[in-house]
Amino acid sequence: TGAQVILAGKADDAERLRRAQKYPLDFTVDVDATDLGEFVTEHISPYGVDVVFECSGAPQAVHTGLRMLRKRGRFFQLGILHREVSLDFDEYLFARELVLSGSRTQKKSSWEKALAIISEAHFPLEELITHRLPLFRWQEGFTLTQGKKAIKVVLRP
């Protein structure tokens with residue numbers, strides 16, 4: 001497609017960013033060490049990127065993603081925001097004509113399509129599973145995930 005993919009995370013995401021390098025990505029960026037806007041200008045385009053998928057739900061990531069977009073770029077909010085985020089509508093919608101979209105789907109057809117794409121692309125999903133625990137240790141699994149000590153935890157009955 002000619003698209004370049006950047007996966008950004010913070011310093012405490014270092015293990016996730018390292019593991020992500022096994023996937024078809026062009027860049028992984030630690031935003032605590034690197035200004036993402038400058039990185040985009042230097043490595044992608046001085047005009048910004050075409051599309052941003054914000055998956056963390058962090059308000060700062062929303063603002064960073066919107067600033068990185070080129071004029072008429074598309075922004076998809078996938079991460080759940082647990083608090084209000086103020087946006088400069090004059091800047092984003094009128095001056096730069098950005099398209100903002102949200103997505104939260106739980107339809108069976110969406111999952112089937114995602115699984116088909118993943119299987120066709122031969123993603124090493126098994127490597128995302130960092131822990132396998134018996135079901136009775138579910139609380140430990142949640143703690144590991146929330147503390148970013150695990151990427152995916154599989155609970156076995």
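Just a few scattered comments:
- Taking other Cβ atoms within 10 Å as a rough exposure proxy, Ser45, Ser119 sort from fewest to most as Ser119, Ser45.
- Cα centre as origin, Lys/Arg/Asp/Glu Cβ charges: region 1-153 dipole, Debye: 660
- Least to most buried among Tyr23, Tyr47, Tyr92 (fewest other Cβ within 10 Å first): Tyr47, Tyr23, Tyr92
- Here the 3J(HN,Hα) profile of region 6-11, calculated from phi with Karplus coefficients 6.51, -1.76 and 1.60 at θ = phi - 60°, is 10, 10, 10, x, 9, 4 Hz, Gly and Pro shown as x.
- Sparsely packed GluC sites (Glu not before Pro) within region 1-104, loop by DSSP, other Cβ within 10 Å at most 15: Glu84, Glu97
- Estimated 222 nm signal from helices in the chain, with DSSP H stretches of n ≥ 4 weighted -39500 (n - 2.57), rounded to 500: -9000 deg cm²/dmol
- The candidate values are (i) 10.5; (ii) 13.8; (iii) 11.0; the one derived from this structure for mean projected area of the Cα convex hull in nm² carries the label (iii).
The numbers here are math on the coordinates, done by the rules we state, and not lab data. Because the structure is predicted, anything quoted here is derived from the model rather than measured. Note that we place each Cβ from the backbone using ideal geometry, even for glycine, and neighbour counts take in every protein chain shown.
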